[in-house]
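Q: Take this structure first; my questions come after.
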Amino acid sequence: MKKIFPTALILIFALTVIYLISTMYQKPLSSMFVKEGDYWHKRFILAGDSFSCENNDSFIEVKYLDDSFEDIVLNEWRDHKKEGSPLFTVNSKTGVLQQLRGGSGICWHRAFVFLKDDKEMSFSEIGKCGKSYDFDSSPIAVIGPIDSEGESKECYKYIRIKKPLENNDQSIGFDFLYDRENSISNYNFIGSFKPLMVGGQSYLSGSARMSFKIKDDYYYKWATIKIEENFAISNLKEKCAELYNDNFQGECKIQSPIWVKPVDNDLTKYAPARVFDIDFDGNDEIIIGTIDGNRGWHEYQIYELENTEKTLKAVPTISFRGDAEINKELKTLTTRNDSNVCASTVTTYQSDGTGFKIIKKVENDYFDEDHPNECIVKVEIFN
């Protein structure tokens, strides 16, 4: 009995030590911070010349702790999974200093104080509860001097695009800047763009999903438009040009979200979206653009809005080429589709006050296979 008792104590002690070691590795080192609920955390000092908020990851590498443990010295904000073996990481999503094990989601803002060039700076990550959608247009953090909000910089996440583009699963959020003179600002837009190929005219092109609501609709009815291919964002023209090089094996970094400037109604200039009354029915239509259309032109699809008490729907009507002719006096739109010198179609639509209706189609084609240089013209009139 006397031998069993000391052995049991030793065993209990050993198990306790093992438990403490295992939990110490997983527990945040919360003693390094003030208690949750206090506004400011422990002071940080920045190591090096740059403190970048251009990274998608929310981990700040701790380079070293000084002897007094009064300051926490940081490297630049970067992906904790990449090179180097940091002592600890600050997970700004949870606001605690912890050993190198991932963090969890957030439902609040967290602010850190650090020194840069002898100036007291604030780094505050903007919290989100649950899943952060691709088209979220909010910044992920704000950084700047504590005593000068006007100098603060909003930090957005970055998407990394690499080849082969057809396998890309990263989406870029986009929204439209407010312009009181432009009808697009009468709507709340949220968009998600997934680059899938290097398109014509130096654009990245791919699929997109756009949701929108009328701004003064407090029933919050949203309509959604999906584009499967050839969608492009004007801001990304000539962006990621290195992806055109077959030998390039790196990645291209794109900020998300992208803020698109609304444009005028000149349809010969490509734009991903326009809003105006194109079919003379007295109501605005949503006009969505795509690139790499017939004869290298961009093309447009018109969507009529069906606004009921409970739903808002975007209903596709006609599509047309970017060089279509619009006659405001006759309220017509004439578009064409060309294959070669002897094969083309010219279609004319006219508004009846409720939308465009086809009134004329002119088709050019070969006379027959035995006369390849002879063309015929077929004209069809619609009542």
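The values are calculated or read from the model by the stated rules, or taken from the named source; none is laboratory data. Computed from a predicted model, the values in this text were never measured in an experiment. We place every Cβ from the backbone using ideal geometry, glycine too, and count neighbours over all the protein chains shown.
Q: Which residues, counting only those in the stretch 143-185, are outside any loop (DSSP other than H, G, I, E, B), basic (Lys, Arg) and under 30 Å from ASP284 (Cβ atoms)?
A: Those that are outside any loop (DSSP other than H, G, I, E, B), basic (Lys, Arg) and under 30 Å from ASP284 (Cβ atoms): none in the stretch 143-185.
Q: Something else now. For the stretch 143-176, name all the residues that are among the aliphatic types (A, V, I, L, M) and under 21 Å from LEU204 (Cα atoms).
A: Here is the first cut: in the stretch 143-176, the ones among the aliphatic types (A, V, I, L, M) are 143, 146, 159, 161, 165, 172.
Within the stretch 143-176, ILE159, ILE161, LEU165, ILE172 qualify.
Q: Next question. Does the stretch 294-317 hold any residues that are in a loop (DSSP other than H, G, I, E, B) and within 23 Å of PHE174 (Cα to Cα), and which are they?
A: In the first step, residues of the stretch 294-317 are kept if they are in a loop (DSSP other than H, G, I, E, B); the result is 297-298, 308-311.
If the condition is that a residue be in a loop (DSSP other than H, G, I, E, B) and within 23 Å of PHE174 (Cα to Cα), then HIS298 is the only one that fits.
Q: Based on what the data block shows, is ASN230 assigned to a loop (DSSP other than H, G, I, E, B) and among the polar types (S, T, N, Q)?
A: Considered against the rule, which asks whether it is assigned to a loop (DSSP other than H, G, I, E, B) and among the polar types (S, T, N, Q), ASN230 comes out as no.
Q: Just need a number here: residues in the stretch 193-210 that are within 19 Å of ALA314 (Cβ to Cβ) and either surrounded by fewer than 20 Cβ atoms within 10 Å (Cβ to Cβ) or not assigned by TED's automatic domain parsing to the domain that holds ASN235 (or both). Spell out the reasoning first.
A: Step one: of the stretch 193-210, the residues within 19 Å of ALA314 (Cβ to Cβ) are 193, 207-210.
Remaining after also requiring either surrounded by fewer than 20 Cβ atoms within 10 Å (Cβ to Cβ) or not assigned by TED's automatic domain parsing to the domain that holds ASN235 (or both): 207, 209.
Total satisfying the criteria: 2.
Q: Among (1) without any contact (Cβ under 8 Å) to a residue 60 or more places away in the chain; (2) surrounded by fewer than 17 Cβ atoms within 10 Å (Cβ to Cβ); (3) within 30 Å of PRO195 (Cβ to Cβ), there is one condition VAL341 misses while meeting the rest; what is its number?
A: (3)
Q: Moving to a separate point now. Six or more apart or on different chains, Cβ under 7 Å: which pairs go from a residue in the stretch 212-237 that's on the phi > 0 side of the Ramachandran plot and in contact (Cβ under 8 Å) with a residue 40 or more places away in the chain to one that's not polar (S, T, N, Q) and not in a strand (DSSP E or B)? Could you list them?
A: Short answer, once both residue conditions are applied: ASN230/GLY199; ASN230/ILE291; ASN230/ASP292.
Q: Considering GLN301, GLN350, which residue is surrounded by 12 or more Cβ atoms within 10 Å (Cβ to Cβ), modelled with pLDDT of 95 or more and either closer than 21 Å to ALA223 by Cβ or among the aromatic types (Phe, Trp, Tyr) (or both)?
A: Of GLN301, GLN350, the one residue that is surrounded by 12 or more Cβ atoms within 10 Å (Cβ to Cβ), modelled with pLDDT of 95 or more and either closer than 21 Å to ALA223 by Cβ or among the aromatic types (Phe, Trp, Tyr) (or both) is GLN301.
Q: Among the candidates PHE320, PHE280, single out the residue that is surrounded by 13 or more Cβ atoms within 10 Å (Cβ to Cβ) and assigned to a loop (DSSP other than H, G, I, E, B).
A: Going through PHE320, PHE280 in turn, the sole match is PHE280.
Q: Would you say ILE159 is under 27 Å from PHE231 (Cβ atoms), touching a strand residue (DSSP E or B) at 6+ places or on another chain (Cβ under 9 Å), modelled with pLDDT under 70 and of a type in the set (A, V, I, L, M)?
A: In short, no.
Q: Among the residues in the stretch 134-149, are any modelled with pLDDT of 75 or more and acidic (Asp, Glu)?
A: Within the stretch 134-149, none of the residues are modelled with pLDDT of 75 or more and acidic (Asp, Glu).
Q: When you look at ASN294, is it in contact with a strand residue (DSSP E or B) (Cβ under 8 Å, 6 or more places away or on another chain), crowded, with 16+ Cβ neighbours inside 10 Å and in the same structural domain as ILE376 (by TED's automatic domain parsing), yes or no?
A: In short, no.
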